[in-house]
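First the structure, in the form of structure tokens, and then the observations on it.
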Amino acid sequence: MPLPKPPKARADQVAPASATPASLEATSPATQAAPPARRKSQGASAQAPRGGSNPTPKPSRKTPARAPTSPVTSPATAAPAPTALPQPPAEVSTAKAPAPSPQEARATKPTRPAPAAKTGAKSAAKVATAPLANKLFVLDTNVLMHDPMSLYRFDEHDIYLPMITLEELDGHKKGMSEVARNVRQVSRELDALAADSSLDPADGIPLAKTGHKEATGKLFFQTQFLNAPLPAGLPQGKADNQILGVVQSLKLQQSGREVVLVSKDINMRVKARALGLAAEDYFNDKTLDDGDLLYTGVQALPSDFWKRNGKTIESWSTAGATHYRVSGPTVPSLLVNEFVYLENPGEAPLYARVAEVSGRSAVLRTIRDYGHAKNSVWGVVARNREQNFALNLLMDPDCDFVTLTGTAGTGKTLMTLAAGLSQVMDERRYTEIIVTRVTVPVGEDIGFLPGNEEEKMGPWMGALDDNLEVLAKGDGHGGEWARAATNDLVRSKIRIKSLNFMRGRTFLNKFVIIDEAQNLTPKQMKTLITRAGPGTKIVCLGNLAQIDTPYLTEGSSGLTYAVDRFKGWPHSGHVTLARGERSRLADYASDVL
């Protein structure tokens, strides 16, 4: 099919004002047909006419703006584009490569969009790529109730609060429970963030404005109605489903970034994942992901310890204890007040405590053997290695904070009570013993209890009474009268206090026992430890396998939090008791049940 003759007005409309008639006449029909193909591939349509006058032209950015007015876009002129183009003149080919076919131009030549489209593409690319560095976390209400400071725990990522979350917070702010206190604290934090009227909530509120420099992201509130289609089976009026709808809408709007729902509700996370939405648990409150990684306070030395360090060890004796200054690969893993032991067949065992760690060397100090009857504490002797370590911490006046963990029947309460009575009654180091615990029932609550504070706490202190009965047996001398007098004297030095009335108190020269500490939250643990005044010793006891408080796990328990934070402090110590000594029945039940 012969090429149609182009209109006469084409040269006047396409050629720029600087093009001469001679340059237009020198252009072949093939090169006149090339501009439509280049326009189709978003090329510069004025390059061919300029090729005759300027061998190395620069593409003009203004030319594509005139492209829509050219009649070249008509079907009659665009039809010949698929035909093969003849070779351009020699002088043009020396300055420019042969013009490819339209199909090759699309495949090989990069296209240049029009200025308006280029600006739009740039802005779209900026929206799609800029937020990729951070995520958008949508917080469920229970996360804020669980941790009031969770707003500042997401580092550089942004936070989005749906309006229904604020409504639920408003409904739980009344009362004296821990949840109500947390909600009120969250409300105060949000009020401080949104107090500046010059900030536009739509642009986000910097989380670091209140002094939390670790949070570099922004806080976004839901300022408009977001409608996203949810499955028909989900009730639209339920708060959880409304939050899921908000997450679904944000996912559609923020296609260039990751939108994640953070919730402590397992069922809500399951529903979110069923809808194809990203959902995560709130992990910041967990000190450890695995309870087996908890610091035990005890470390076994390698069997060739003396051979490796025998030539470099320095030893000396003071106050009845032997000190060893050691160096080597074992030192970096040692912490102050950590116990080490070495038990080789045919050799004398070594039981020591890390007294100092400085640089590449550490000082080990041998401990007192409380397994011998002459060193008994209120009639109690250590039956295994870990109990011996624990009694060394309990009887040390320089150790202000002690934590003991272990399974049921390992002797935590008995040893602690014996050490407390010995230091209160015999050594007069402390004035009295204060015992407290969390009143979390194992089964159904039995209701209100009569009497004063100590009488109400009486049923919760059955373990204390059982251990006092063991300690009051003594050697049997003096008869019933002496035993009764001893019991009265012992009980006069023990005070039972409720955890609910601890705020604002200060304990001076007291031996404080916190029993069942695994049921405490980190905030409650901080409240109790900060009650200690001068001369006070605090001992926390607990079994991380018997947590009765809802929503607490081994990783988020206040006891785990305290053990992890206090390890290595020169005035604290921790021992994990491994072997039960209550009875063979209790030991077997702990293993198989």
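Counting 0.36 nm for each residue step from D465 to A195 and taking away their Cα separation leaves a gain of 91.8 nm.
Per-residue surface analysis assigns W316 an accessible area of about 90 Å², computed on protein heavy atoms at 1.4 Å probe radius.
Quick check: from the Cα gyration tensor, does region 136-281 come out rounded (a/c under 1.5), prolate or oblate? Oblate shape, in that a/c is at least 1.5 and b/c is the bigger or equal ratio. In this label model, D426 and R584 are separated by 3.2 nm, measuring between points 7 Å along each Cα→Cβ vector. Amide H contacts for E432 (H built 1.01 Å from N in the peptide plane; partners 5 or more residues away or on another chain; cut-off under 5 Å): F511. Full extension of the chain segment joining E455 with S187 gains 92.7 nm, where the gain is 0.36 nm per residue of separation less the Cα-Cα distance.
From a point 7 Å beyond the Cα of S361 in the direction of its Cβ, which residues of region 284-327 have a backbone N at a distance under 12 Å? The answer is 312-316, 324-327, whose backbone nitrogens lie closer than 12 Å to the label point.
Listed values for region 455-470 are Karplus-derived 3J(HN,Hα) couplings in whole Hz (6.51 cos²θ - 1.76 cosθ + 1.60, θ = phi - 60°), namely 5, 5, 7, x, x, 7, 9, x, 5, 5, 5, 5, 6, 5, 5, 5, and x replaces Gly and Pro.
When you filter the chymotrypsin sites (Phe, Trp or Tyr not before Pro) in region 186-263 for DSSP loop state and at most 10 other Cβ atoms inside 10 Å of their Cβ, you are left with F225.
Taking amide H atoms as placed 1.01 Å from N in the peptide plane, the amide H of V138 lies under 5 Å from those of Y160, V260, L261, V262, each 5 or more residues away in sequence or on another chain.
Across V380, V138, the residue with the most accessible area heads the list, and the full order at a 1.4 Å probe is V380, V138. Per residue, the accessible area of region 136-281 comes to 49 Å², computed with a 1.4 Å probe over protein heavy atoms only. Remark: region 326-339, residue by residue, has Karplus-estimated 3J(HN,Hα) of 10, 8, x, x, 7, 4, x, 8, 8, 10, 5, 6, 8, 9 Hz, where x stands for each Gly or Pro and the curve is 6.51 cos²θ - 1.76 cosθ + 1.60 at θ = phi - 60°.
The calculated pair-distance distribution of region 298-366 uses every alpha carbon pair, bins of 5 angstrom beginning at 0, and gives 4, 17, 30, 31, 15, 4, 0 percent.
The values are calculated or read from the model by the stated rules, or taken from the named source; none is laboratory data. In this text, all values refer to a predicted model and were calculated from it rather than measured experimentally. Positions of Cβ are generated from backbone atoms using ideal geometry, with glycine treated the same way; all protein chains shown enter the neighbour counts. For accessibility, only protein heavy atoms count, side chains too; no ligands or nucleic acids. Shrake-Rupley method; radii C 1.70, N 1.55, O 1.52, S 1.80 Å.
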